[in-house]
1. Determine the dipole magnitude for the chain: charges of +1 sit on the beta-carbon of Lys and Arg, -1 on that of Asp and Glu, nothing else is charged, the reference point is the Cα centre, and the result goes in debye to the nearest 20.
2. When DSSP beta bridges are limited to those with both residues in the chain, what percentage is antiparallel, rounded to the nearest 5?
3. How many Å² of accessible area per residue for the chain, probe 1.4 Å?
4. As I understand it, the dipole of the chain uses +1 on the Cβ of Lys and Arg and -1 on the Cβ of Asp and Glu, about the Cα centre. Which of Y36, L103, N114 lies farthest toward its positive end?
5. Expressed in nm to one decimal, what extension gain is obtained for the pair L100 and K3 from 0.36 nm per residue of sequence separation less their Cα-Cα distance?
6. Test of understanding: extend the Cα→C-beta vector of E135 to 7 Å, then name every residue of segment 57-71 with backbone N under 18 Å from that spot.
7. Could you give me the radius of gyration and the Dmax of the chain, taking only the C-alpha atoms into account and expressing both in angstrom?
8. Considering only protein heavy atoms and a probe of 1.4 Å, how much of the accessible area of segment 1-115 is carbon and sulfur, as a whole percent?
Amino acid sequence: ISKKIDLSIGLRAENMKRNAQKEGIHYIDTTQLGFYPNVLANYNFSDDYSLGFSYSKRIKRPSFASLDPSIYKDSLFVRYGNPNLQSTDYQTFQLSLKLLKKLSLRVSYNYMNNPIYNLTFRDVNQPIVSKFISENRDYSDRWIGTIIYNQSITKKWSLSLEGSINTNYFVY
């Protein structure tokens, strides 16, 4: 927009069709339309200082192994596939501050809708055999704080140090 303000806006649309059948049994047939926007705004106070905000939404699909309705069994483990698993939508909000070209501070918030939980159960009667299943839950979220220090060593080499602290909230 100007020398001081950077702005980037994008939108991706996706239409996903999921059809699952095995040995003539039809497990699932769905169509899902999703919109995945992203926005980035940055204000440059000077060459050394800037303040930015970003928002993005993305998708994470379940693995094929998690969707497989077969039961896998050996002497130690029983896995149940779940063909009804839904994709997880991730929404990320981030605020960043750059100081003296070398130091960056970021605070991020992630919200996950329909996160996939991998649950393991132990059989009380046969403690060696465990049951493993994947399922969706309502939501999960986390906060992340990050500090990054960048220092140029030569024209082609630089040193980066990063430290993060985060929280996770999962519903059990």
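The values are calculated or read from the model by the stated rules, or taken from the named source; none is laboratory data. No experiment lies behind these values; they were computed from the predicted model shown. A quick note on method: Cβ atoms are made from the backbone with ideal geometry, for glycine too, and the neighbour counts reach across all protein chains shown. For the accessible areas, the whole protein counts, side chains as well, though only heavy atoms, and no ligand, DNA or RNA atoms are used. Shrake-Rupley method; radii C 1.70, N 1.55, O 1.52, S 1.80 Å.
1. On the way: 22 positive and 14 negative charges, 116 e Å.
Using Cβ point charges on Lys, Arg, Asp and Glu, the chain gives about 560 debye.
2. 95 percent
3. Values: 12090 Å² over 172 residues.
Solvent-accessible surface per residue comes out at 70 Å².
4. In the chain, that residue is L103.
5. Separation in residues times 0.36 nm, less the Cα-Cα distance, equals 33.1 nm.
6. In segment 57-71, the label zone of E135 (backbone N under 18 Å from the point 7 Å along Cα→Cβ) covers 62-63, 66-71.
7. 22.3, 69
8. Working: 4300 of 7520 Å².
After summing per-atom areas, the C and S share lands at 57 percent.
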